[in-house]
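Here the structure comes first, spelled out in structure tokens, and everything after it is commentary.
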Amino acid sequence: MKQINQLTQVLIKIIAAVAGLKGKGSSQEAMEMTSQAFSEYLDLDIDALLKMDTEEMIHTLKCLDAMNHENLESVADLFYTLAIAEVREGSDIDEQSKLLLKRSLSIYKHIEAEGNIYSIDRNHRIVEIEKLI
């Protein structure tokens, strides 16, 4: 339980930090921050994780001791926030952002299918991502 709570706190801090970054180059800084946190706290290489097919990525995340549906959804929120940071800077959605959005969408849909708690916010995100990609 302690590991789950620690992971929850780490993911919340990363999401808040990424969402708070402003200005040119902030999306690159956000990705570096996320990569470092994934490496340090989850012992995962985010680039390798994003290169996996979606099923393998979700399986890899679910195999972590501290991963539950709430933390899995936080990972999806993080991927979404990273992708949207590009759009907020006035850029079109590039391939990296599309990849992050697709991964986020896959995780949200996985939670919808396997979870037993319906979330209006999650459903809204699914619809929003489907419109963007």
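The values are calculated or read from the model by the stated rules, or taken from the named source; none is laboratory data. Because the structure is a prediction, the values reported are computed rather than measured. When we count neighbours, we look across all protein chains shown, and the Cβ atoms used for this are built from the backbone with ideal geometry, even at glycine.
Odds and ends about this structure:
- Pairs where the first residue, in region 92-112, is buried (at least 17 other Cβ atoms within 10 Å of the Cβ) and the second is of a type in the set (Val, Ile, Thr) and assigned to a helix (DSSP H, G or I), C-beta under 6 Å, 6+ apart: Leu101/Ile129; Leu105/Ile129; Ser106/Thr54; Tyr108/Ile126; His110/Ile58
- Looking across Asp121, Asp92, one residue alone is farther than 17 Å from Thr34 by Cα, part of a loop (DSSP other than H, G, I, E, B) and of a type outside the set (S, T, N, Q). It is Asp92.
- Listing of helices (runs of 4 or more DSSP H) fully contained in region 4-77 that carry 2 or more residues being touching a helix residue (DSSP H, G or I) at 6+ places or on another chain (Cβ under 8 Å) and under 18 Å from Leu105 (Cα atoms): 46-51, 54-62
- Residues located in region 18-44, provided they are at pLDDT below 75 and small (Gly, Ala, Ser): Ala19, Gly20, Gly23, Gly25, Ser26, Ser27
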